[in-house]
Amino acid sequence: MTYDIAINIGIAIVLGLLIGLQREIYYRRNNRREFAGTRTFALISLLGFLSAWMGKTLPHFLPVMLLVFGLLVITAYIYKIFYSKAKGATSEIAALITFVLGVMVYEGLQKYALFLAVIMVMLLEFKNKFVLFEEHVAPEDSEAAILFLAMTFVILPLLPDKTIDPFNVFNPYQTWLMVVLVAGISFVGYVAIKILGTKRGVYLTGIFGGLVSSTAVSITLSKLFALRQNYLKNYAGGIAIASTFMYLRVLFEASVFNFALARQLALPYLGAAATGLLYVFYLYKTSASHKVEESSVRNNPLELSEALKLGLLFGLILGSIGFFQERYGDAGVYIVSALSGVTDVDAITLSLSKLAGTKITQQAAIYGIVIASAVNSVVKLGIVFVLGGRKLGFLLALFYLLSLGVMGGLLFMEL
């Protein structure tokens with residue numbers, strides 16, 4: 001029992017030291033003075049531990065100590081406002097949470113306390129990133145984020161989870177779930193671009209732009225290269241990395257609705273992605289660094305208009321698959337896949353993943369997704385040739401030839 005108490009006291013102190021060290025480094029970095037540093041935070045956590053311990057003997061000891069400590073923190077905050085003219089209560093809130101973490105350690109919740117302490121340190125350390133994000137967030141972006149919450153937690157639960165069309169394929173709940181998924185993935189890339197600012201490396205533009213739309217990245221970077229006619233390998237690498245992320249994105253989306261299908265797609269698509277990354281690495285190592293000042297994404301993917309477009313697109317594709325599959329069999333599925341791939345691979349990937357094994361065969365779904373990916377790649381290559389010229393086009397042609405070649409070869413071996 002004594003050994004366990006000693007271990008827990010040590011854990012409580014370490015957690016306080018961890019949080020206090022971050023605060024101390026932050027103060028020095030910004031030439032500030034606060035009421036609590038590394039040792040004080042360690043003592044605060046220890047105080048929480050001892051208060052919980054004594055509370056087992058003296059029933060009201062813990063709430064009284066929490067009240068006293070809370071008053072002490074409030075007093076320190078008031079002093080800071082009036083005498084040092086500093087604003088913000090981050091350190092004061094962190095101190096109160098540290099006290100509670102000490103209590104949690106005594107109550108046997110060490111793992112949860114450690115988890116929360118790490119989360120706290122991350123939140124405290126990433127302050128500058130959050131400030132940078134806030135500076136680039138427009139009012140319409142926050143409105144779109146609220147819309148996304150409504151799409152996910154208000155609209156989605158209200159939709160019927162059953163098919164309502166003559167072909168027995170259109171499920172409002174599943175269709176809207178696809179919209180939420182694609183919008184969410186795209187928003188991650190959109191937010192990343194916002195945080196990175198207006199001037200970014202070409203490769204970072206490709207990575208995060210690829211989460212939103214590799215086609216949009218291809219258009220933007222091709223236009224930029226056409227204007228300057230320099231940094232050829234940089235622009236080719238940016239477009240290639242965006243398309244590489246398209247392979248990974250397709251695999252992830254397939255796994256959401258049909259893990260068995262995703263397992264069959266894993267080897268071809270991971271092979272294509274690995275080949276693409278090797279090619280991008282070659283371009284990166286043989287090119288000079290360059291930054292771009294235009295964004296490949298201008299519309300927030302969570303805007304109502306974008307969400308409705310996605311919903312309509314999914315509905316049309318699901319209906320088209322049912323219509324063509326009934327009349328032309330698997331060939332009809334391939335026709336819809338090819339047509340969908342001209343503009344987008346997300347909708348057809350999610351639609352075929354949902355229908356595979358029930359309305360269509362697994363093999364037809366696999367071939368359909370691969371066809372859509374290949375057609376989309378050919379379209380992007382055509383865009384690069386038209387907007388960026390032959391030099392850029394030939395570099396990307398080699399990328400698509402290698403990545404799609406590996407995908408096709410591994411698919412043939414697997415099936």
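Every number in this text was worked out from the coordinates using simple rules, so none of it is lab data. No experiment lies behind these values; they were computed from the predicted model shown. Note: ideal-geometry Cβ built from the backbone for every residue, glycine included; neighbour counts use all protein chains shown.
A straight chain from Gln362 to Leu267 at 0.36 nm per residue would run longer than the Cα-Cα distance by 32.6 nm. Here the calculated FRET efficiency for Ala331 and Asp4, from their Cβ-Cβ distance with R0 = 60 Å, stands at 0.30, rounded to the nearest 0.05. At an R0 of 45 angstrom, the distance between the Cβ atoms of Asp165 and Met413 translates into a FRET efficiency of 0.75.
Between Ala397 and Val14, the FRET efficiency estimated from the beta carbon spacing at R0 = 51 angstrom works out to 0.35. Near Ser337, once Lys and Arg are set to +1 and Asp and Glu to -1 for all other residues with Cβ below 12 Å from its Cβ, the sum equals -2. Remark: relative contact order (the range 13-74) = 31 percent; criterion is Cα-Cα distance under 8 angstrom and separation of 6 or more residues.
Taking label positions 7 Å along the Cα-Cβ direction at both Val68 and Leu109, the computed distance is 2.3 nm, reported to one decimal. Counted by Cβ distance under 15 Å from Leu251, the other residues give a net charge of -1, where Lys and Arg count +1 and Asp and Glu count -1. Normalised by the number of residues in the range 2-125, the mean separation of alpha-carbon contacts (under 8 Å, six or more apart) gives a relative contact order of 35 percent. For the pair Ile78 and Lys223 in one chain, pulling the backbone fully straight at 0.36 nm per residue adds 46.6 nm over the alpha carbon distance.
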